[in-house]
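Everything below concerns the one structure shown next.
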Amino acid sequence: MDEPSGRLRVQRRFDSRPVPELHSSLGRCFLCGTCAACCPVTAVDPRFNPRRILQNLRARRWGEVDKFPSTWFCADCLLCAERCPQGVRIPELIATLRRRAFVAGAGPAAPRREEESLSKFGRLYELTDFDRRRRARLGLPAIAPTIDEIRFICAVGD
Amino acid sequence: MAHALFLGCTVPARSLHYELSARAVARALEFEFVDIADFGCCGFPLASIDPAAAQLMALRNLALASAESRGIVTLCSACTLSLRRAARAWQNDASFRYQHGDRLARLGRKLEQEVEVTHLARFLYHTVGPESIASRVTHPLEGIKAMVHYGCHLVRPGELNGSSGEAERPGWLDDLLCATGLDVVGRSDSELCCGGSLLGIEEPVALAMADRELARAAGLRADVLVSACPFCSVMYEDNQPRIQDRFRRDYRLPVLFFTQILGLALGLDPDALGMKFARVPVEALLSKTA
């Protein structure tokens, strides 16, 4: 695993079973809390705290990681990754955990609804007849209302 | 060769004023943008729950532009991130190309040329620039205080956009808008996130996040909050009444897209800039600009 020079060596290998796809940079985290200090969500709701998630991951307390709100209050702002002195890929770690939960049927309804809309229309919001007529009235170019290729992408999965 | 304009999902559904003003400003500055009707979702909403699908959706859009040898100009910051990330990965990561090449081919698509993806705000800054804008301003927006909300995905990750320093202290959009004569306040305090990703997940948290930026603007006595992303506008403008109710605020702060601001300064008709779509009344603001 790559270790940029100037970074503190914490632990060469981090055994991330049972979630082996967790980004290897987790091994570099020394729980400094810079992520929590800059997190705009933590600032308004301490129930979500990226440092606590990392702490639980490093201590292999997987059950704690899954407890509400788990990773779901992350706003995807990417500030933690920008600020982390160790280059820990926190957004990627959160994405891995979310994917795992989602596939297991856990997590909030909103992402599922979005996926359904994408499967149905190929877009997040349905483009209704009203929308299409309004575009025409405003002199805006037409957009494909349903995009079959995207429906195919969403149906196939990975 | 004209760039393809990428609207994304949110602009056509919720931010027609952004699209109208973007096209109007482009025309005024003598840019031609081309539309590719088959552009679809950029993939961003699926990024954490189904990354392979998200990446494929992004690559599909890149392939559509590549087939016409065009670059892409985006309106939404999340679209910008999703498409740029995919373009970079395709360019630099052989295993990424290997993973997705087949699936792209099964869609009947190819990605053979590098596709440059640029957010419209950056595009205008780099291609036109503040000085050129200043020389074309016919209605200087003097006496108006504006606070720019860069948002998150327009400036982060820094390394996708050139440098970390830029992500921490952007100033280019402030500079671009200063050219209109605006008094830009709260420069480069770009940490705050609108909370848009959380609106459907935990609304109170999302609203609390948006409230912080509105409060910052109010504290600086801004007359207008300037947005560069439709989702930020959904939070600051569409949800302003809810935020006011919930946190007992009285902001009544107009939220305009940077394209609407530029358009006003260039003397374009407010109707052409989608001012009718404003959810927080802009009459007082517009009368200051007249």
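The values are calculated or read from the model by the stated rules, or taken from the named source; none is laboratory data. For clarity, every value in this text was computed on a predicted model and none was experimentally measured. Heads up, the Cβs are rebuilt from the backbone with ideal geometry, glycines too, and the neighbour counts pull from every protein chain shown.
Quick notes on this one:
- At least 1 residues being buried (at least 24 other Cβ atoms within 10 Å of the Cβ) and within 16 Å of the chain's Cα centre (by Cα) is the threshold, and among the helices (runs of 4 or more DSSP H) wholly inside the range B:171-245 those reaching it are B:172-178, B:230-233.
- Of the set (1) touching a residue at least 40 places away in the same chain (Cβ under 8 Å); (2) under 16 Å from the mean Cα position of the chain (by Cα), all apply to A:Phe48 but (1).
- The requirement of being under 17 Å from B:Ala37 (Cβ atoms), modelled with pLDDT of 90 or more and touching a Lys or Arg at 6+ places or on another chain (Cβ under 8 Å) is fulfilled nowhere in the range A:122-139; no residue meets it.
- In the range A:84-99, the residues that are surrounded by fewer than 19 Cβ atoms within 10 Å (Cβ to Cβ) and either at the interface with chain B (Cβ under 8 Å from one of its Cβ atoms) or assigned to a helix (DSSP H, G or I) (or both): A:Glu92
- The residues listed here are A:Ile153, A:Ile94, A:Ile147, A:Ile143; of these, the one that is closer than 28 Å to B:Leu160 by Cα, over 18 Å from the mean Cα position of the chain (by Cα) and of a type outside the set (S, T, N, Q) is A:Ile153.
- All positions within the range B:246-264 that are in contact (Cβ under 8 Å) with a residue 40 or more places away in the chain and surrounded by fewer than 23 Cβ atoms within 10 Å (Cβ to Cβ): B:Arg246, B:Phe247
- Selection within the range A:100-118 - in a helix (DSSP H, G or I) and in contact with a Lys or Arg (Cβ under 9 Å, 6 or more places away or on another chain): A:Phe102, A:Pro111, A:Ser117, A:Leu118
- Candidates are the residues of the range B:155-170 that are in contact with a helix residue (DSSP H, G or I) (Cβ under 6 Å, 6 or more places away or on another chain) and in a loop (DSSP other than H, G, I, E, B); the one that is farthest from B:Pro254 (Cα to Cα) is B:Arg156.
- When the range A:100-111 is filtered for residues that are at negative phi, within 11 Å of chain B (Cβ to nearest Cβ) and free of Cβ contacts under 8 Å to residues at least 40 places away in the same chain, the ones remaining, listed by number, are A:Ala101, A:Phe102, A:Val103, A:Pro108, A:Ala109, A:Ala110, A:Pro111.
- When the residues of the range B:14-52 are filtered to those that are aliphatic (A, V, I, L, M), surrounded by fewer than 18 Cβ atoms within 10 Å (Cβ to Cβ) and under 30 Å from A:Ala110 (Cα atoms), the one that is nearest to the chain's Cα centre (by Cα) is B:Ala37.
- Whichever residue in the range A:127-147 is more than 7 Å from chain B (Cβ to nearest Cβ) and surrounded by fewer than 13 Cβ atoms within 10 Å (Cβ to Cβ) and, among such residues, is nearest to B:Leu20 (Cα to Cα): A:Gly139
- Test for A:Ile150: is it at the interface with chain B (Cβ under 7 Å from one of its Cβ atoms) and among the aliphatic types (A, V, I, L, M): yes
- Against the conditions (1) more than 13 Å from every other protein chain (Cβ to nearest Cβ); (2) within 20 Å of the chain's Cα centre (by Cα), B:Glu114 satisfies every one except (2).
- Among the residues making up the range A:112-148, those that are touching a residue at least 24 places away in the same chain (Cβ under 8 Å) and of a type in the set (Ser, Thr, Tyr) are A:Ser119, A:Thr146.
- Qualifying residue in the range B:190-209 (condition: in contact (Cβ under 8 Å) with a residue 24 or more places away in the chain and within 22 Å of B:Leu286 (Cα to Cα)): no
- The number of residues in the range A:119-156 that are of a type outside the set (A, V, I, L, M) and in a loop (DSSP other than H, G, I, E, B) comes to 9.
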